[in-house]
Amino acid sequence: MADRTVTVEPGAIRGADREAVEARASEDPAWLRERRLGAWRVYEETPMPTTKLEEWRYTDVGLFRLGEVEVVPPGADGEVPAEARARFGRERAAAGRVLQVDARVVEIELDEELRQKGVILADLATAAREHPELVEPHLATRAVPAEYGKFAALNGALWDAGVFLYVPRGVRIEQPVRVTRWLTRAGIAVFPRTLVIAEAGSHVAFVEDFASPDFEAPALSCGAVEVYASDGADVQYVALQQWGKGVRHLSMQRTIAGRDANLDTLVVNLGSTVARVDLGARLEGPGARSDMLGLYFGHGDQHFDHNTRQDHVAAHANSDLLYKGALYDRAHGVFRGIIKVHPKAQRTDAYQTNRNLLLSPDARAESLPNLEIEADDVRCSHGASVGQLDQEELFYLMTRGLPRHDAERLVIFGFFGDVLERLPLPGVVEELRAAIEAKIA
């Protein structure tokens, strides 16, 4: 499990070198090959983050055990586990489905009626070859470029098993598009990447599910997510992280919203040994709106670190962040967020709230909300809290005949309730409730 006393400089990932980048670029168009190689140069020139940096103050990179994992070669074969198939084919409503196992996409399904309307659901490498006019302007450019940081550059050079979704102007997808990402073994490093482009007036919900068995040794997922919502688009992005023990989870996620676009995100961290999520929303058009929701529930020595950013570039835009965490045993939660209002972003309306519920004496939480305001006609606020389980509330429930475990379960669900209620996807919300209940059990 996570050891927060690591002080040794982390080693390099085995097999992460220019040769591996060249192998991935062997079938890429010229523009993508150059972009990968450029990302590798940035990776080599960028120092590894340390706890001397504000954004990494509470998370030692050594926790990710980088020197103990190895890059999976592109196209590596292997059996698809029955459990992965079951998650992919689970009886859940979906307009499209993608199954990734380790470093390969093994199956893609899309409703034929949506295909006829111009919707594209494909693995990212294929989309880069067949639809360069869509992919080239968006992939690793404005949302998650290599210059964003050491791990963004690493993903930009070595991404594999990417997923591409394109929703044409005015097309409404009523059921979610679902992606299942599965790891089969310890000792490997994978680099998933997601690119979603929703054209003006379109509607789509995109749900990613990360899962694996428990491992005795480390495995690594270093991913990137880029979501573009054009003028008037309505997009929901949900990431449900349920990796098994031993997995280290790194994810860089950026959303960009145009004029009058609505772009909601929900990040749920339940699994893995260590998880670090960098999530940012950039509101570039007047009238844009973004709800940034997050839940994390840790036990044992789990370590969850969330670094969020609400970037208000245009005037008359709104953002509201609500992240809540419940922590058992010796689990450690970190939240650092910033609302950045740029000089011309007058009439910004932005909020940021982080709440933490400590369920045992050894659980820890750090909460660091920040504001950076460069306009003078705005309404912005932030709040944070770290509190213990309310013993009076627990006692009240137990006097009504509930065992302590059931009483705690009700308190936790009540604590998370207002986050789940804000996601406009009833079916997905019920799945999330079931996942949280399983974690409590």
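Rolling a 1.4 Å probe across the protein heavy atoms gives region 181-270 an accessible surface of 19 Å² per residue.
Restricting region 147-219 to GluC sites (Glu not before Pro) that sit in a DSSP loop and have at most 11 other Cβ atoms within 10 Å of their own Cβ leaves E174, E216.
Averaging over all projection directions, the Cα-based convex hull of the chain occupies 20.6 nm² in the image plane. Averaged over its residues, region 292-441 has an accessible area of 43 Å² per residue, based on protein heavy atoms and a 1.4 Å probe. Our helix-only sum for the chain, with -39,500 (n - 2.57) per DSSP H run of n ≥ 4 divided by its residues, gives a mean residue ellipticity at 222 nm of -6500 deg cm²/dmol. With coordinates expressed along the principal axes, the C-alpha atoms belonging to region 303-406 extend over 56, 28, 15 Å, beginning with the largest. Just the protein heavy atoms count here, and of the accessible area of the chain at 1.4 Å, carbon and sulfur take up 48 percent. Pairs of Cα atoms nearer than 8 Å and 6+ residues apart set the relative contact order; for the chain it is 10 percent.
Which aspartates and glutamates does K439 reach when only Cα atoms under 16 Å apart count, and residues fewer than 8 places away in its own chain are ignored? Partners found: D209, D214, D301, D329, D406, E408, E430, E431. Selection among G78, A122, V177 by position relative to the dipole of region 52-183 gives V177 as farthest towards the positive end (Cβ unit charges, Cα centre). The trypsin sites (Lys or Arg not before Pro) found in region 113-181 include none that occupy coil by DSSP while having at most 11 further C-beta atoms within 10 Å. On full extension, the segment bounded by F413 and A12 gains 140.3 nm, given 0.36 nm per residue less the C-alpha separation.
The values are calculated or read from the model by the stated rules, or taken from the named source; none is laboratory data. What you see is a predicted model, and the numbers here were worked out from it, not measured in a lab. No Cβ is skipped: glycine too gets one built from the backbone with ideal geometry, and neighbour counts run over all protein chains shown. The accessibility values were calculated without ligands, DNA or RNA, using every heavy atom of the protein model including side chains. Shrake-Rupley method; radii C 1.70, N 1.55, O 1.52, S 1.80 Å.
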